[in-house]
Amino acid sequence: MGNLIKSEWYKLKKDRSFWLLTFLLVITSIGYPLLIVMDEATLAVKVNDFYQYSVLGGNNYVIKLVPCILAGFFISSEYSNGTMKNMVASGNSRIQLYFAKLIIFSVGTMVISLILPLLMTGASAVYFSFYEMPDLGYFLQTIWLTALYGAAFASIMALFATLLADSGKAIGFMLIFFILFDSVLYSVANNISMFEPVFNYSVFKLLLEIVNVSALSSGEMTKMIVVPVVTFIVFGLLGSILYKKKEIK
Amino acid sequence: MIEYVLKTSHLSKQFKNQTALNKVDLSIKKGSIYGFIGQNGAGKSTLIRIISGLASPTTGTVELFVHSNGQALNEARKRIGTMIEGPALYPHMTAVENLEAHRLLKGIPGKECIEKTLELVGLQGTGKKKARNFSLGMKQRLGIAIALLGDPEFLILDEPINGLDPMGVVEVRELLKKLNQEYGITILISSHILSELHLLATHYGIIHKGHLLEQLTLDELNKKCKQYLHIKVDNPEKAAAVIESNLSTREFEVLPDGLIKLFGFVDTPGIVSSILVNEGLVIEHFMPMGQDLESYFMERIGGVHHG
C-alpha cells in the first residue's frame, strides 16, 4: 500500500491541473481582499466578519466545485490515457489501488479547500491591519472541519470519476451535480418528510454549518464530525466495490 | 517436465449477445515467444485483458505461473509486464517521470532501473521532452520500457510494433529476441504484421471469432507452410494431365489464371521440368515457392489470400 500511495503522491505532484487550480486560488486569495481594500476604507472591514461571510461562505463553493476538475484529471484521465490498465495489471489489489488513489485525491482536495481559509484570511489580516481577528480556537475548528468536509466530498467525487471514467464527462457531470444537488435535496426534503433526515444529515447541509461551529452544542458538533467521516467511509467502500468489479477498457 | 507460464482452461467471455471468447484452452511454455494471431475482433485483446486482470472471464480459468485462484493469481501478475492496446503513458510527464511513476507503483527499490530500461529500448537522453510530444515509435518504446520495469518473467505485448518505422521494427524485434534469449523472458505478442511475427515467434496460436483454432510450434508451422513449385506453361490443362500421369500425384492446384502449384517436388525440379518439356509444353515460369504465415493463417480461417 505504501508504494501505491507514493506513486499517487508522485502523480499528484506532477498533475498540472492541481497546480493550476492551486495557483488560481492563491491569486484569488491575495487579490480579492485587495479589491475590497481598494473599494472600502481598510478599517471598515473586520477580519472576523470577512472570514465568516466572505472566506468561509465562498469556500463552500470551492470545496464542492473546484475538486471536481481535479477528479476529472487526476482520476478519470487514468482511464482515457490507458494508464489505469497498467495500474490494474501491476498485480496490486484493486481495493488498495482505489484507496491509495482516494487518499491522495483527498489530500489534494484538502489542500485546495484550505487555500482560501488560510491564505485569504492571512492576506485580509494584513490588508485590514489585523482589525478584529477571528478567535484562534474558532479559526482552528473551522479549518479542520473544512479539511474533513473536503475529504468527504472527495470520496463522492472519486466514486463519480470512477463511474464515468472520462475526464470531460466526469467534470461536466460533477459540476452540474454539485451545483444543483443540495437545492434538489432541500426541495425534496421539504416536500417529502422521509427525506428530511437525509438532507439534515448530509454533508451538503452540514458544510454550511461550519461557519456556526462556535454556536453548536456538543451533540451537533458530534454530528458535524461523524457525518463526513461516515460519508468518506461509505463512499470509499462503494467506490472500491465499483472499481473492483469494473472492466478496465 | 514442461513448465508453462500461462494456461487457460475453457476460457469464455460473453458480452450481452456476443461471444468474444469461446472455451479457449491456450498454453504458453516458459521461454517461448508466442505469436498470437487473429483478425480485429477475433478475441486477442479480450484474452490478453483477462490474463492481465482487466476483465474477468464469464467461465473458465486462467493459470499464471501455476496460480489460478484470486489473490495468488493477482500476486502472480506482479511477475508479468504488459502493454495492452498501445502504450499507456502520462502525456504530461517525461520518459523518466513516466517510468518513475510506474517504478513506485510496482514498488521497485532504487532508481537505477529507469536509466537501464530506457537504454535498453533506446530512449536514453530524451531529457525534458514530454511523452505527448514523442513520435508514435518513441511512445511504443516507452510503453515497452514500462512493461519491462521490474524484470518481468513474462511479457505481454499487444501490437508492439504498430507505428514503428522499418528501422524501429527491426530494433524492437532484436530487443525482444535479446530479452527472450539472454534474459529468458517468455513473451506473448500479438501483431497484425504476420511476416514480422514469423521472424520472431517460436510458437503460434491462431484465434478466430473467439475460437482458438490451433496452437503450433515454429517447426510445425514450417512443415505446414508447404513448399511448392510455381509453374506457368502454355497449356495448363495438358500440363495438369501430364503431372498426374507421369509424376503420379494429385498434390497440385491449377489456379484460375492458369498457374500451377505443384507440391512435393521442390527438391527435384529438374525431373518436373524435363517431363513437361518432353511432352511439348513451353515453360514460361518455373520457381520453387513456399507458403508464408499469412497464407497459412488465411487458409486456417477460411479466407482468400491474394498474395
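Any residue at all in the stretch A:56-71 that is within 26 Å of A:PHE235 (Cα to Cα) and more than 24 Å from the chain's Cα centre (by Cα)? Talk me through it step by step, then tell me what you get.
Restricting attention to the stretch A:56-71, the residues satisfying the condition of being within 26 Å of A:PHE235 (Cα to Cα) are A:56-71.
Narrowing further to those that are more than 24 Å from the chain's Cα centre (by Cα): none.
Scanning the stretch A:56-71 turns up no residue that is within 26 Å of A:PHE235 (Cα to Cα) and more than 24 Å from the chain's Cα centre (by Cα).
Filter the stretch B:86-133 down to the residues that are at the interface with another protein chain (Cβ under 7 Å from one of its Cβ atoms) and on the phi > 0 side of the Ramachandran plot and list them by number. Scanning the stretch B:86-133 gives B:GLY86, B:GLY107.
Quick check: anything in the stretch B:255-273 among the aromatic types (Phe, Trp, Tyr) and in contact with a Lys or Arg (Cβ under 6 Å, 6 or more places away or on another chain)?
For the stretch B:255-273, residues among the aromatic types (Phe, Trp, Tyr) and in contact with a Lys or Arg (Cβ under 6 Å, 6 or more places away or on another chain): present.
In the stretch A:1-116, counting only helices (runs of 4 or more DSSP H) that sit wholly within it, the ones holding 1 or more residues that are of a type in the set (Asp, Glu), within 14 Å of chain B (Cβ to nearest Cβ) and within 25 Å of A:PHE173 (Cα to Cα) span A:2-13, A:77-81. Restricting the stretch A:33-69 to residues that are under 30 Å from A:TYR98 (Cα atoms) and without any contact (Cβ under 8 Å) to a residue 60 or more places away in the chain, the residue that is surrounded by the fewest Cβ atoms within 10 Å (Cβ to Cβ) is A:TYR61.
When the criteria are applied in full, A:SER113 fails the requirement of being without any contact (Cβ under 8 Å) to a residue 12 or more places away in the chain and buried (at least 23 other Cβ atoms within 10 Å of the Cβ).
Among the residues of the stretch A:36-56, which ones are at pLDDT 85 or above and of a type in the set (A, V, I, L, M, F, W, C)? Across the stretch A:36-56, the qualifying residues are A:VAL47, A:PHE50, A:VAL55, A:LEU56. Checking each residue in the stretch B:144-177 for being part of a helix (DSSP H, G or I) and either without any contact (Cβ under 8 Å) to a residue 24 or more places away in the chain or surrounded by fewer than 17 Cβ atoms within 10 Å (Cβ to Cβ) (or both) picks out B:PRO166, B:MET167, B:VAL170, B:GLU174, B:LYS177.
Of the candidates A:LEU175, A:LEU242, A:LEU148, A:LEU207, the single residue that is at pLDDT 90 or above and either under 30 Å from B:THR82 (Cα atoms) or β-branched (Val, Ile, Thr) (or both) is A:LEU242.
Within the stretch B:244-271, residues that are outside the structural domain of B:VAL233 (by TED's automatic domain parsing) have Cβ atoms under 8 Å from residues that are surrounded by 11 or more Cβ atoms within 10 Å (Cβ to Cβ) and not aromatic (Phe, Trp, Tyr) in no pair, counting only partners at least 6 apart in sequence or on another chain.
Restricting to the stretch A:228-249, give me the number of residues that are more than 28 Å from B:PHE15 (Cα to Cα) and either within 12 Å of chain B (Cβ to nearest Cβ) or buried (at least 16 other Cβ atoms within 10 Å of the Cβ) (or both).
Let us first name the residues in the stretch A:228-249 that are more than 28 Å from B:PHE15 (Cα to Cα), namely A:228-236.
Right, trim to either within 12 Å of chain B (Cβ to nearest Cβ) or buried (at least 16 other Cβ atoms within 10 Å of the Cβ) (or both) and you get A:228, A:231-232, A:235-236.
So the answer is 5.
Residue count for the stretch B:16-33 satisfying the condition of being touching a residue at least 40 places away in the same chain (Cβ under 8 Å), farther than 14 Å from B:HIS211 by Cα and not in a strand (DSSP E or B): 3. Screening A:ILE103 with (1) of a type outside the set (S, T, N, Q); (2) over 22 Å from A:LYS13 (Cα atoms); (3) at pLDDT 95 or above gives one miss only, at (2). When the stretch B:274-285 is filtered for residues that are surrounded by fewer than 16 Cβ atoms within 10 Å (Cβ to Cβ) and of a type outside the set (Asp, Glu), the ones remaining, listed by number, are B:SER274, B:VAL277, B:ASN278, B:GLY280, B:VAL282, B:ILE283, B:HIS285.
The set of residues in the stretch B:201-230 that are β-branched (Val, Ile, Thr) and touching a helix residue (DSSP H, G or I) at 6+ places or on another chain (Cβ under 7 Å) comprises B:THR202, B:ILE206, B:ILE207. Among the residues in the stretch B:269-289, are any closer than 30 Å to B:GLN215 by Cα and assigned to a loop (DSSP other than H, G, I, E, B)? No; the residues of the stretch B:269-289 include none that is closer than 30 Å to B:GLN215 by Cα and assigned to a loop (DSSP other than H, G, I, E, B).
The values are calculated or read from the model by the stated rules, or taken from the named source; none is laboratory data. Predicted model only: the values in this text are computed from it and were never measured. Here Cβ is always computed from backbone atoms with ideal geometry, including for glycine, and neighbour counts include all displayed protein chains.
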